[in-house]
Amino acid sequence: MKVLVLGGTGEARELAAALHERDIQVISSLAGRVRDPRLPVGEVRIGGFGGPARLAEWLADEGIDAVVDATHPFAERISFSAADAARAAGVPSIMLRRPGWASRPGWHWVSDLAEAAVRIESLGKRVFLTTGRQGLAAFAESPLWFLVRCVDPPDPPMPARTHLVLDRGPYSVDGELALMRAHRVDVLVTKDSGGPLTVAKLDAAERLGLPVVVVRRPDIPDISVVETASHVLGWLTRAVPPSTPTPDG
């Protein structure tokens, strides 16, 4: 069996390790947007495929038996592209997605970053922006002050009044409390990424009584979705039947 795992998430790395342990050939594909990504075990491919048609060709050329979309919950474009490509190539596919966060008191849900930029104007003046380095242009015209945290330096445009922190999780509640207090943050903006890696900022904001603006997850393709690597392994046994040896002669 040969499996393509899309994404550099923790779930993707966990799945790649599980497949490798079972002697299943795995190719992990990373978008290449992070300068120093945490690499999974097994073969790794970095960079895009050039659209659904090119990916479908690649799946056929490489003899891929199954595709697992384990990208970030906000990687909407690659998810739809992968689903279309797998369908065109006749390759079974599934999505591995960590659950989203349960809403808490003081949360304000928005549909996108543009709506978040409008919503924060009535909630505070010093914003802790933790939505990643892409999409900062949505806040570029805001007069508010921003504490921006991301893994790699973001590209302009950015808000005029910005303090940039380059850091990678996981984070602790005590650390997040200290950071928010030091910069006198009065509102937090985040995406509904889910998972434990960055949940500490939500706990810290709740302790401080801060409003939290949360961007909802985008729509996903019409394919099956599971939440753990073990669920993917079970799906593989059903979706990819074992090959039957060809009789001699």
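List every residue pair whose Cβ atoms sit under 8 Å apart, with the two residues 6 or more apart in sequence or on different chains, where the first one lies in segment 25-44 and is in contact (Cβ under 8 Å) with a residue 60 or more places away in the chain and the second, anywhere, is in a loop (DSSP other than H, G, I, E, B) and among the small types (Gly, Ala, Ser).
Every condition considered, the pairs that remain are Val34/Gly8.
For the condition out of contact with any Asp or Glu (no Cβ under 9 Å at 6 or more places or on another chain), open to solvent by 50 Å² or more (accessible area, probe 1.4 Å) and of a type in the set (S, T, N, Q), what is the one hit in Ser81, Ser122, Ser29?
Selected residue: Ser122, the only one of Ser81, Ser122, Ser29 that is out of contact with any Asp or Glu (no Cβ under 9 Å at 6 or more places or on another chain), open to solvent by 50 Å² or more (accessible area, probe 1.4 Å) and of a type in the set (S, T, N, Q).
Restricting attention to segment 102-119, which residues are touching a Lys or Arg at 6+ places or on another chain (Cβ under 7 Å) and either open to solvent by less than 60 Å² (accessible area, probe 1.4 Å) or not in a strand (DSSP E or B) (or both)?
His108, Val110, Ser111
Go through segment 27-53 residue by residue and tally those that are among the charged types (D, E, K, R) and within 22 Å of Ala88 (Cα to Cα).
1
In contact with a helix residue (DSSP H, G or I) (Cβ under 6 Å, 6 or more places away or on another chain) and crowded, with 22+ Cβ neighbours inside 10 Å, is that true of Leu19?
No, not satisfied.
Quick one: Phe74 ticks every box in (1) at pLDDT below 95; (2) farther than 20 Å from Glu14 by Cα; (3) in contact with a strand residue (DSSP E or B) (Cβ under 8 Å, 6 or more places away or on another chain) except a single one, so which number is it?
Every listed condition holds for Phe74 apart from (2).
Enumerate the helices (runs of 4 or more DSSP H) found wholly within segment 144-249, keeping only those where 1 or more residues are open to solvent by 50 Å² or more (accessible area, probe 1.4 Å), of a type in the set (Ser, Thr, Tyr) and on the phi < 0 side of the Ramachandran plot.
Passing ranges, in order: 229-239.
What tally of residues in segment 68-78 results from selecting those that are surrounded by fewer than 23 Cβ atoms within 10 Å (Cβ to Cβ) and among the acidic types (Asp, Glu)?
Within segment 68-78, residues that are surrounded by fewer than 23 Cβ atoms within 10 Å (Cβ to Cβ) and among the acidic types (Asp, Glu) number 1.
Condition check ((1) among the aliphatic types (A, V, I, L, M); (2) under 22 Å from Gly10 (Cβ atoms); (3) touching a residue at least 24 places away in the same chain (Cβ under 8 Å)) across all residues:
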| residue | (1), (2), (3) |
| --- | --- |
| Ala160 | yes, no, no |
| Arg184 | no, no, yes |
| Val189 | yes, no, yes |
| Val199 | yes, yes, yes |
| Arg216 | no, yes, yes |
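Residue by residue through segment 120-138, note down the ones that are assigned to a helix (DSSP H, G or I) and within 21 Å of the chain's Cα centre (by Cα).
The answer is Leu136, Ala137, Ala138.
Failed condition for Arg98, given (1) farther than 24 Å from Gly195 by Cα; (2) charged (D, E, K, R); (3) assigned to a loop (DSSP other than H, G, I, E, B), with all others met?
Against the list (1) farther than 24 Å from Gly195 by Cα; (2) charged (D, E, K, R); (3) assigned to a loop (DSSP other than H, G, I, E, B), Arg98 comes up short only on (1).
List, please: which pairs have Cβ atoms under 7 Å, are six or more places apart or on different chains, and start with a residue in segment 169-180 that is in contact (Cβ under 8 Å) with a residue 12 or more places away in the chain and end with one that is of a type in the set (Val, Ile, Thr)?
Gly169/Thr198; Tyr171/Thr198
Conditions tested, residue by residue: (1) at pLDDT below 95; (2) more than 30 Å from Met1 (Cα to Cα); (3) under 23 Å from the mean Cα position of the chain (by Cα).
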{"residue": "Arg161", "(1), (2), (3)": "no, yes, no"}
{"residue": "Ser172", "(1), (2), (3)": "no, yes, yes"}
{"residue": "Glu176", "(1), (2), (3)": "no, yes, yes"}
{"residue": "Met180", "(1), (2), (3)": "no, yes, no"}
{"residue": "Arg184", "(1), (2), (3)": "no, yes, no"}
{"residue": "Gly195", "(1), (2), (3)": "yes, no, yes"}
{"residue": "Leu208", "(1), (2), (3)": "no, yes, no"}
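Looking only at residues in segment 32-50 that are exposed (fewer than 13 other Cβ atoms within 10 Å of the Cβ) and of a type in the set (Gly, Ala, Ser), which one is modelled with the highest pLDDT?
In this case the residue turns out to be Gly50.
Consider Val148 carefully, then state whether it is under 19 Å from Ala117 (Cα atoms) and modelled with pLDDT of 95 or more.
Here the answer is yes, as Val148 does meet what is asked.
The values are calculated or read from the model by the stated rules, or taken from the named source; none is laboratory data. The structure presented is a predicted model; accordingly, all values stated were derived computationally and were not measured. Because the Cβ atoms are built from the backbone with ideal geometry, glycine has one as well, and the counts that use them run over all protein chains shown. For accessibility, only protein heavy atoms count, side chains too; no ligands or nucleic acids. Shrake-Rupley method; radii C 1.70, N 1.55, O 1.52, S 1.80 Å.
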